[in-house]
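Asks: Just passing along the structure, written as structure tokens.
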Amino acid sequence: MKVDVILGLQWGDEGKGKIVDVFTPHYDVIARFQGGPNAGHTIEFDGKKFVLHTIPSGIFHADKQNVIGNGVIIDPYILFKEVDTLHAANIKPENNLLVSRRAHLILPSHRLLDATYEASKGLEKIGSTLKGIGPTYTDKYSRSGLRVGNLCDSGFNSCYSSLKERHLEIVHQYHFDYKNYLIDGLPFDEYEEVWLDAVKRLKEYTFIDSEYFLNDCINSGQSVLAEGAQGTLLDIDFGSFPFVTSSNTITAGACAGLGIAPNKIGTVYGVFKAYCTRVGGGPFPTELHDSTGEHLRKAGNEFGSTTGRPRRCGWLDLPALNYAIMLNGVNRLIMMKADVLNDLEEIQVCTSYEKEGCLSSHLPFNLADKGIQPVYHSLPGWNSEPDVAGGFDALPKNLKEYTSYIETATGLPVDIISMGPDRTQTLVREEIKASV
Ligand code: GDP
Ligand code: IMO
Ligand code: MG
């Protein structure tokens, strides 16, 4: 079997969680491959709503195995807040969640460092979710981080203390007043206590060498679905640097973050919104600062799943979408939140960028360059509230045309059109099938 991949093609929050949940019945194993609790993946069904940060979005199907891969970074405290929410809904992740020994741990002091660095950047701040993502990946690459597998080492406590001390030294150097800084509402010392309690709970879970586990699965005919976090435009290499996250969010990240060889990758499903959003700082060329932008935010309920911050909204950016398709080797597209455009008379799509009179369909190196202007094509809206029940043919003509315009511009099929947050509000045009 091959490993199919679901990932985001924009600045995150495309609706990956909903789609992974919809795909889960067709797979045996769901594996998250990168990112950490900066992610917020929303799943809605039977009148219930869940937001997952670390746990893969396949967890609602008790008969499916879920894996937190080696590329993910884990904050035990946040993980167990998630677990407790699931327990309250009678879902028992301890029965179908495995954790890679190679996944790195987010320490309380990583979160202090995140806040320290952001504060030191002033107006240039990235708008980080302050979950400790950058500092934890930094420690991974500087070869000083702690991994889940280290929790079982007898020397864990002293390694933890010396890493914490090194972090606190940096915090002092920056004169960051950490004694008055609250992490999830708690002063550092109290947060550290609840974090250590969560570490004890984590040790009761099954730790695995997920690279062996997943390769054994595919060799024995089990289907694996890889779940990405964030989006391609937040990728550390190809995103709008430095306003990015600290991991490779692209398909290559699925290989490294799960231990899957590139020739084992099957279908890559690229998830995109019918428009664009971004939360946090950084350039966003098609951003709307007018009433249409406000309308999209309201109609799309565009407020961050992790931080509650309002998301910036704008038109679909085709050069950016095609860039993401190229980097990820996307085979099939999934268009989300088409319903958010229901009330619009006219919809704009950025088709190219203009600089000094020259047009280019490439995404510019510096998206913040003031000399760059997006060039738009206008399409008529559908001005109605379509229902997914009638299938694609029964959709309003202008929505079908909007979809085929994107298919032509990208050269890829749009297999799924999502028309609402619930599982059932999903129009599936092509049967979902794991790659063999
Ligand atoms: P993710 O991080 O990619 O999983 O996406 P988020 O969960 O952060 O953000 C997507 C938001 O849109 C969530 O609130 C979803 O419940 C919601 N959503 C997903 N698909 C649709 C859709 O087709 N229409 C509408 N209106 N909302 C959707
Ligand atoms: P999901 O998986 C949207 C953004 C932050 C910030 C930048 C860096 O839900 O799509 P970080 O905390 O990684 O240091 O923040 O990246 N960001 C996201 N935006 N969705 C996400 O995840 C994000 N994860 C990080 O807002 O601008
Ligand atoms: Mg999200």
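Asks: Out of (1) outside any loop (DSSP other than H, G, I, E, B); (2) crowded, with 24+ Cβ neighbours inside 10 Å; (3) within 16 Å of ligand 1 (Cβ to nearest atom), what's the single condition that is false for VAL268?
Replies: (2)
Asks: May I ask you to list pairs of residues, at least six apart or on different chains, whose Cβ atoms are under 7 Å apart, with the first in the stretch 300-329 being without any contact (Cβ under 8 Å) to a residue 12 or more places away in the chain and the second being within 14 Å of ligand 1 (Cβ to nearest atom)?
Replies: Matching pairs, first to second residue: PHE303/ARG309; PHE303/PRO310; PHE303/ARG311.
Asks: List the number of the failed condition for GLY185; all other conditions in (1) out of contact with any Ser or Thr (no Cβ under 8 Å at 6 or more places or on another chain); (2) within 27 Å of PHE213 (Cβ to Cβ); (3) outside the structural domain of ILE43 (by TED's automatic domain parsing) hold.
Replies: All conditions pass for GLY185, except number (2).
Asks: Just checking: which of the strands (runs of 3 or more DSSP E) contained wholly in the stretch 336-426 hold 1 or more residues that are farther than 22 Å from ALA324 by Cα?
Replies: Fully inside the stretch 336-426 and qualifying: 346-355, 358-360, 372-380.
Asks: In addition: Which one of LEU341, LEU359, LEU367 is surrounded by fewer than 21 Cβ atoms within 10 Å (Cβ to Cβ) and either more than 16 Å from ligand 2 (Cβ to nearest atom) or not assigned by TED's automatic domain parsing to the domain that holds THR232 (or both)?
Replies: Only one candidate qualifies: LEU359.
Asks: Sticking with this one: Pairs needed: first member in the stretch 151-166, under 15 Å from VAL199 (Cβ atoms); second member anywhere, of a type in the set (Gly, Ala, Ser); C-beta distance under 9 Å; at least 6 residues apart or different chains.
Replies: LEU163/SER109; LEU163/SER144; LEU163/GLY145; LYS164/SER109
Asks: For the stretch 212-245, give me the residue count where each residue is assigned to a helix (DSSP H, G or I), surrounded by fewer than 24 Cβ atoms within 10 Å (Cβ to Cβ) and in contact with a Ser or Thr (Cβ under 7 Å, 6 or more places away or on another chain).
Replies: Qualifying residue count for the region: 0.
Asks: Looking at the stretch 15-27, can you tell me whether even one residue there is closer than 25 Å to ASN215 by Cα, in contact with a His (Cβ under 7 Å, 6 or more places away or on another chain) and more than 9 Å from ligand 1 (Cβ to nearest atom)?
Replies: Within the stretch 15-27 (the criterion being closer than 25 Å to ASN215 by Cα, in contact with a His (Cβ under 7 Å, 6 or more places away or on another chain) and more than 9 Å from ligand 1 (Cβ to nearest atom)), the answer is yes, since at least one residue qualifies.
Asks: With assigned to a helix (DSSP H, G or I) and away from ligand 2 (no atom under 12 Å from the Cβ) as the only criterion, which of PHE60, PHE80, PHE50 stands out?
Replies: Sole residue among the options that is assigned to a helix (DSSP H, G or I) and away from ligand 2 (no atom under 12 Å from the Cβ): PHE80.
Asks: Then there is this: For a quick check of your reading of the model, give me the residue pairs whose first member lies in the stretch 195-212 and is closer than 16 Å to VAL83 by Cβ, whose second is charged (D, E, K, R) and at pLDDT below 95, with beta-carbon atoms closer than 7 Å and at least 6 apart or on different chains.
Replies: Pairs that qualify, where the first residue is closer than 16 Å to VAL83 by Cβ and the partner is charged (D, E, K, R) and at pLDDT below 95: there are none.
Asks: If only one of ALA434, ALA324 is of a type in the set (A, V, I, L, M, F, W, C), touching a strand residue (DSSP E or B) at 6+ places or on another chain (Cβ under 7 Å) and not assigned by TED's automatic domain parsing to the domain that holds PHE272, which one is it?
Replies: ALA434
Asks: What are the residues in the stretch 380-402 that are closer than 17 Å to HIS295 by Cβ and either without any contact (Cβ under 8 Å) to a residue 12 or more places away in the chain or among the hydrophobic types (A, V, I, L, M, F, W, C) (or both), if any?
Replies: TRP382
Asks: Same structure, new question: I'm checking my understanding of the structure. Among residues of the stretch 196-211 that are among the charged types (D, E, K, R) and in a helix (DSSP H, G or I), which one is nearest to the chain's Cα centre (by Cα)?
Replies: The qualifying residue nearest to the chain's Cα centre (by Cα) is GLU211.
Asks: Follow-up. Could you look through the stretch 50-67, keep only residues that are without any contact (Cβ under 8 Å) to a residue 40 or more places away in the chain and within 16 Å of ligand 1 (Cβ to nearest atom), and pick out the one that is surrounded by the most Cβ atoms within 10 Å (Cβ to Cβ)?
Replies: It comes out as THR54.
Asks: How about the stretch 285-332: which of its residues are over 18 Å from the mean Cα position of the chain (by Cα) and assigned to a loop (DSSP other than H, G, I, E, B)?
Replies: Of everything in the stretch 285-332, those that are over 18 Å from the mean Cα position of the chain (by Cα) and assigned to a loop (DSSP other than H, G, I, E, B) turn out to be PRO285, THR286, LEU288, HIS289, ASP290, TRP315, ASN331.
The values are calculated or read from the model by the stated rules, or taken from the named source; none is laboratory data. Because the structure is a prediction, the values reported are computed rather than measured. With ideal geometry, Cβ positions are generated from the backbone for all residues, glycine too; neighbour counts draw on all protein chains shown.
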